[in-house]
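Comments concern the structure below.
The values are calculated or read from the model by the stated rules, or taken from the named source; none is laboratory data. Since the structure is predicted, the reported quantities are computational estimates derived from the model, not experimental observations. Here the Cβ positions follow ideal geometry from the backbone for every residue, glycine too, while neighbour counts run over all protein chains shown.
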Amino acid sequence: MTNGNLCDKIQITKTINASGKGGIMKKQNYSVMTTSILVKAVFVLIIVCCIFAPLIVRVYDNGIIALTGRSVYLPMIITLYLAAAVALVIVTALDRLLSNIRHDKVFIPANVKILRLISYCCFAVSVIFIYFSFIRPFAWLVVIAAAFFGLILRVIKNVFEQAIILKEENDFTI
């Protein structure tokens, strides 16, 4: 298959989808809108958790004191508030990314920057939880998971960068 035939097929697919005959565009828009609503709900949930964090951490801390005799209230509340601040940055960035996708701006440099920011935020959460993991070893799971997600997002960011280069080359090809 030549490059010309492939481009013709892509153009035909775009025309069919844009005309509404293929339900793909409707499903994609529905998916993006659903995800956008979920992202906004998570934003609100983070705010609510920040409001009730002292109460929740106090209840948890009372159980820890009963078991170990040591309080983890201050390190835990600091860790959670720092992580919540980073989570709000992530959720805001995800909302911007979804907005770009909703406006058919998928392979653009701004999305690469957003993915880079989100990956840095994942690494930041990993670093934030390192101290707390020495107090409560279960927190190592958060450290490892956040670092792993950061790594995955770096790979996706690199894929987007390459896709942008290929798209630009394709746009300049007659």
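Put simply, of 126, 99, 133 the only residue that is among the small types (Gly, Ala, Ser) and over 17 Å from the mean Cα position of the chain (by Cα) is 133. Hey, does region 130-139 have a residue that's polar (S, T, N, Q) and touching a residue at least 12 places away in the same chain (Cβ under 8 Å)? No. Per the conditions (1) part of a helix (DSSP H, G or I); (2) of a type outside the set (Val, Ile, Thr); (3) modelled with pLDDT under 95; (4) over 24 Å from residue 72 (Cβ atoms), the sole criterion not satisfied by residue 104 is (1). With respect to residue 112, is the statement that it is under 23 Å from residue 52 (Cα atoms), touching a helix residue (DSSP H, G or I) at 6+ places or on another chain (Cβ under 9 Å) and β-branched (Val, Ile, Thr) true? No, not satisfied.
For region 42-60, the criterion of being at pLDDT 95 or above and under 30 Å from residue 167 (Cβ atoms) is met by none of the residues. When each of 129, 148 is tested for being buried (at least 18 other Cβ atoms within 10 Å of the Cβ) and assigned to a helix (DSSP H, G or I), the lone residue that passes is 129.
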